[in-house]
Each structure stands twice: as C-alpha cells, then as structure tokens.
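Enquirer: This is the structure, below, for whatever I ask next.
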Amino acid sequence: MVICGVELSGSDAVVCLLNLDAGQFTLPESKVRKLLLKKNHTREDLQQFQASFAEFVAEHGVKKVAIKERMPKGKFAGGAISFKLEAAIQLMSGLDVEVSLLPPALIKSTLAANPLPIPFAETGLKVFQETAFIAAYVGHLAK
C-alpha cells in the first residue's frame, strides 16, 4: 500500500511516498517533493492546490495520506494557511483515499516502539522531507 506522508509548513505541503509490500518498505519514484499554494490564498488558489494534490495522489496510487498534525495554539502552533491546506486535503472528493492526522505524541510513541528501519540519511530523500517521511512511516504502522 502506498502512503503519502505530509508536513504542512507555511503555504507548502512537503510530501514523501512510502510503500509497504510484503513487510518491505520502498520509496516510490516521484519528482514532486512539495506542492505549493499560490500567494493570494483565494478560493480558486485553494481549489487549484486541492486539484494538484488529488492529481499527485491518483498518479502514484496513494491509498492513505498521513499528515503531521500541527497544534492550534502554543509555541508550535500552525499558521492559518496550513490549516486551509489541511482542510483542502481532507475534503478531496472522487478518490478512494483515507486521510489521517498524526498527533506529535502518537508519532513519538510509535517511533519509540518501532524505530526507523534505516537512518534517514540513507533514504536518498531531501533533508526537508524528513518529517513527511516519518509521517508516512508512522501512518503505515498506526491504525
């Protein structure tokens, strides 16, 4: 099953694909590492972002999207735009895709019980994709 891990940061959705097949993890090829929301954040811009994300998901056969949840308030609170992006992803229609939010506590406890099978540096992914990779990994393990 192909899962897409997502980290929302500003007006970017950083993505990482991870496939689990017969107990073996693989990283499907993808030239897309980020999906961007245009600067104006209008209704049309959000619809365009949603369409781009849906196209990306369909193109790669993604069955589950795991988003690292941002806190609504406090020191690590997410910005307003990232919550719009989250809603756009959650409200995608016409696709058979499960979207889940992963609270930081769940990510931490899952990684403690099931450490990453290889160091992130050996994945060949870009450094900024690490959080999305971890979200995809935890998304596979969390039920």
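The values are calculated or read from the model by the stated rules, or taken from the named source; none is laboratory data. Keep in mind the model is a prediction, meaning the values are calculated, not measured. Cβ coordinates were reconstructed from backbone atoms using ideal geometry, including for glycine residues, and neighbour counts include every protein chain displayed.
Enquirer: Given the conditions (1) surrounded by 13 or more Cβ atoms within 10 Å (Cβ to Cβ); (2) farther than 21 Å from F133 by Cβ, which single one is not true for L91?
Expert: Going through the list (1) surrounded by 13 or more Cβ atoms within 10 Å (Cβ to Cβ); (2) farther than 21 Å from F133 by Cβ, L91 breaks only (1).
To keep it simple, each residue is scored yes or no on (1) of a type in the set (G, A, S); (2) surrounded by fewer than 19 Cβ atoms within 10 Å (Cβ to Cβ); (3) under 20 Å from D96 (Cβ atoms).
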| site | (1), (2), (3) |
| --- | --- |
| D21 | no, yes, yes |
| Q24 | no, yes, no |
| K31 | no, yes, no |
| S52 | yes, yes, yes |
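Enquirer: Where the second residue is in a loop (DSSP other than H, G, I, E, B) and of a type outside the set (K, R) and the first is within 14 Å of L106 (Cβ to Cβ) and in contact (Cβ under 8 Å) with a residue 12 or more places away in the chain and lies in the stretch 126-143, which pairs have Cβ atoms under 6 Å and are six or more apart or on separate chains?
Expert: Hits for this filter: L141/N114.
Enquirer: Do you know which residues across the stretch 120-136 are of a type in the set (A, V, I, L, M) and outside any loop (DSSP other than H, G, I, E, B)? Quick ask: steps written out before the conclusion?
Expert: Quick first cut of the stretch 120-136, residues of a type in the set (A, V, I, L, M) only: 121, 125, 127, 132, 134-136.
Matches in the stretch 120-136: A121, V127, A132, I134, A135, A136.
Enquirer: Follow-up question, since we're still on this one. Starting from residues that are aliphatic (A, V, I, L, M) and in contact with an Asp or Glu (Cβ under 8 Å, 6 or more places away or on another chain), keep the ones in the stretch 16-67 and report whichever is nearest to G124 (Cα to Cα).
Expert: Out of the qualifying residues, it is L35.
Enquirer: Of all the residues that make up the stretch 99-138, how many are exposed (fewer than 13 other Cβ atoms within 10 Å of the Cβ), more than 22 Å from P72 (Cβ to Cβ) and either of a type in the set (A, V, I, L, M, F, W, C) or touching a Lys or Arg at 6+ places or on another chain (Cβ under 9 Å) (or both)?
Expert: Summing the residues that are exposed (fewer than 13 other Cβ atoms within 10 Å of the Cβ), more than 22 Å from P72 (Cβ to Cβ) and either of a type in the set (A, V, I, L, M, F, W, C) or touching a Lys or Arg at 6+ places or on another chain (Cβ under 9 Å) (or both) in the stretch 99-138 gives 5.
Enquirer: For the stretch 8-38, give me the residue count where each residue is acidic (D, E) and closer than 15 Å to A88 by Cβ.
Expert: Here the count works out to 1.
Enquirer: Please enumerate the residues belonging to the stretch 53-67 that are within 12 Å of L85 (Cα to Cα) and not aliphatic (A, V, I, L, M).
Expert: F53
Enquirer: Among the residues of the stretch 67-88 satisfying the criterion of being crowded, with 17+ Cβ neighbours inside 10 Å and small (G, A, S), which is nearest to V2 (Cα to Cα)?
Expert: A88
Enquirer: Read through the list (1) basic (K, R); (2) surrounded by 15 or more Cβ atoms within 10 Å (Cβ to Cβ); (3) modelled with pLDDT under 95, then give the number of the only condition that K64 fails.
Expert: (3)
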